[in-house]
1. Return the residues of the range A:234-250 that are surrounded by fewer than 20 Cβ atoms within 10 Å (Cβ to Cβ) and more than 7 Å from chain B (Cβ to nearest Cβ); say none if nothing qualifies.
2. Output the helices (runs of 4 or more DSSP H) that fall wholly within the range B:20-135 and possess 1 or more residues being within 14 Å of chain A (Cβ to nearest Cβ), away from ligand 2 (no atom under 16 Å from the Cβ) and on the phi < 0 side of the Ramachandran plot, or say none.
3. Quick check: is even one residue across the range A:323-331 within 14 Å of chain B (Cβ to nearest Cβ) and open to solvent by less than 50 Å² (accessible area, probe 1.4 Å)?
4. Out of A:ILE174, A:ILE265, report the one residue that is among the aliphatic types (A, V, I, L, M), within 27 Å of the chain's Cα centre (by Cα) and either open to solvent by 10 Å² or more (accessible area, probe 1.4 Å) or closer than 30 Å to A:TYR329 by Cα (or both).
5. Identify all residues within the range B:241-253 that are surrounded by fewer than 19 Cβ atoms within 10 Å (Cβ to Cβ) and either in contact (Cβ under 8 Å) with a residue 24 or more places away in the chain or within 16 Å of ligand 1 (Cβ to nearest atom) (or both); write none if there are none.
6. Going through A:MET224, A:MET218, A:MET229 one at a time, which residue ends up being modelled with pLDDT of 90 or more, crowded, with 23+ Cβ neighbours inside 10 Å and farther than 30 Å from B:PRO169 by Cα?
7. Only one residue in B:ILE163, B:ILE107 is modelled with pLDDT of 95 or more, among the hydrophobic types (A, V, I, L, M, F, W, C) and surrounded by 24 or more Cβ atoms within 10 Å (Cβ to Cβ). Which one?
8. Can you tell which of A:VAL84, A:VAL117 is crowded, with 17+ Cβ neighbours inside 10 Å and in contact with a helix residue (DSSP H, G or I) (Cβ under 8 Å, 6 or more places away or on another chain)?
Amino acid sequence: MNQRAKSFAATLGSVLVTLFGLSVITFMIGRVMPVDPVLAAVGDNAPADVVAAARAAMGLDDPLVVQYWSYISNVLQGDLGQSVLTRNPVVSDIAHYFPATLEMATLALILATLLGVPAGIVAAVKRGSLTDQIIRVVCIAGHSVPVFVLALLGLLIFYVGLDLVPGPGRQGFIYDGMVPTVTGILLIDSLLAGDMGAFWDAAHHLALPVLILAYFSMAYITRMTRAFMLDALKGEFIISARAKGLSGWKVVMGHAFPNVAVQLITVLALTYAGLLEGAVITETVFAWPGLGQYLTTALMNGDMNPVVGTTLVIGAIYVGLNLLADILYRVFDPRVK
Amino acid sequence: MLVDIENLRIAFESNGKRFEAVRGVSFKLEARQKLGIVGESGSGKSITARALMRLLPPQAQVTADRMRFDGIDIQSQSEREMRKLRGGRAGFILQDPKYSLNPVKTIGNQIAEAWRTHNKGGKKEAREAALDLLEQVMIRDPKRVLDAYPHEISGGMGQRAMIAMMLAPNPTLLIADEPTSALDASVEAEILRLIDELVDTRNMGLLLISHDLPLVSHFCDKVSVMYMGQVMEELAAGELAQAKHPYTQGLLNCLPSLDHPRTDLPVLTRDPSWLEEKAQ
Ligand SMILES: Nc1ncnc2c1ncn2[C@@H]1O[C@H](COP(=O)(O)OP(=O)(O)OP(=O)(O)O)[C@@H](O)[C@H]1O
Ligand SMILES: [Mg+2]
């Protein structure tokens, strides 16, 4: 018990260190980028004394440590500064754009898990069979082709070629702004508003990006599930389960799978984090108005506060998901207790 | 006749090379009889026992002129019927409870599962049966063990739990594959005595695999000595001293004795001609 508390304290400690490192790195991004935040604020043509005054007012003449301190205390109070482009506080911009990213990534994760875990189990049980080969081939493209290539191919085939899905974006323009924002998740908000038209429109727009991301993640989940299962199926406890007279299916799902479920939690958490993180690329291809696109646009325009703020948030989510995986691991694996 | 095996052969094929691990093993076991199988590591003891329960991986090629358990032809049984035999009429105890018990399931659940597979009854009855079985194997603190995970109990307790699990459906044959080689010497004797008692009171047959020849002969009625996938010699347990085969004599001579201490143990000699004379 004591040891358990200790190892958990160690995990928490490393999380804090990581978060600290993250804050330092994001702070440095803000300093070393070849963008002058003062000019960005006062405009390129401002006279020298105005620039100097603004510079002093922004605290940029202070020593780095002092600047870091004021940065971190602002962050801890939930203040990530203001965006020059949108003229909104970065925090409210993130709150506005994040649900779009979350909706896409979460659906992709669910789909990838529902397909990938069973596929990995079947591939392991029928190792070397035709089924295993087919699953392997299907997955190869998923983890060897970069996701933006898959996305572009997807658009080319299903939008340009077959016209099965609507084009880029999250909503058809007739539905734009029609559903009141409650959660920011369009599928939920449209249902709350009872607007089935908006619901199907959102689902239709989600289909292709979610499929592409799910395919990409499924390849990884399948491969890991297969590897974990192969390992578990080699265990002596599998022989004793069979020696008890259990059916093949009960041996696989009742004895081998519970042994890998815990490892899978970590894989799923990392996949989820990867999906949120990878949004930067996919959202550009699909013109998806999410956090990734917000970040890209800010970056292209030298709008530093959103860049720093978004990086910080994505990094914190990554750390948070890792911590969550660690906690679930402790809850579900009896060997850790 | 409980077990009747004639000319059992097991081969594995890897990278196009065929390796025959068991080459013509035969033995018989009457009901309530105890047969020991001894032999050095790799001589094919475990896979012989697993072949009898059809527990070998699919790449193992198994042939036999005859392989019967309780009059049932093992080779022609469907997988479904085999499942009734496994656990139901023959229990199989493996070497190391650390690996042979499922690490993420409680002992109670694992025993209850064995019971429910072969008996009609609900979860509650199965749990009661599991507790009863744990008491029968004389485990300390059976109520605690019921809800414990394998890593929370000692090796000796784990092996008792394993025995309880395999006794759940009342088998007529108990196969124990080196049931004590992962345990301390003091626990080893206790576990063997427990197995011996249970086999006697429940009128089971016993197939005891080990590499300890004197130990096996102490618990069994007869002993089969295996070497390189063949049976070198079968002896009544009391007649070890009269062993004719040089390999058996070699095994016996290699044992350090307290009565006649000697500084150097002789090296076990092996003669390729032993295998030829059997293969004819
Ligand atoms: N799945 C397998 N594939 C290939 N060879 C195998 C396989 N299983 C067992 N063998 C081989 O069969 C031979 C006999 O193995 P077995 O496990 O029966 O030995 P054993 O007499 O039980 O030895 P030990 O005392 O070490 O348990 C060994 O040479 C082993 O390498
Ligand atoms: Mg063995």
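The values are calculated or read from the model by the stated rules, or taken from the named source; none is laboratory data. The model shown is predicted, which means the values in this text are computed figures rather than measured ones. Virtual Cβ from ideal backbone geometry, glycine too; neighbours counted across all protein chains shown. With ligands, DNA and RNA removed, areas are computed over all heavy atoms of the protein, side chains included. Shrake-Rupley method; radii C 1.70, N 1.55, O 1.52, S 1.80 Å.
1. Listed by number, the residues that qualify are A:LYS234, A:GLY248, A:TRP249, A:LYS250.
2. Ranges flagged: B:79-85, B:107-118.
3. Yes; the residues of the range A:323-331 include at least one that is within 14 Å of chain B (Cβ to nearest Cβ) and open to solvent by less than 50 Å² (accessible area, probe 1.4 Å).
4. A:ILE265
5. B:HIS245, B:PRO246, B:LEU252, listed by residue number.
6. From the options A:MET224, A:MET218, A:MET229, the qualifying one is A:MET218.
7. One residue alone meets the criteria, B:ILE107.
8. A:VAL117
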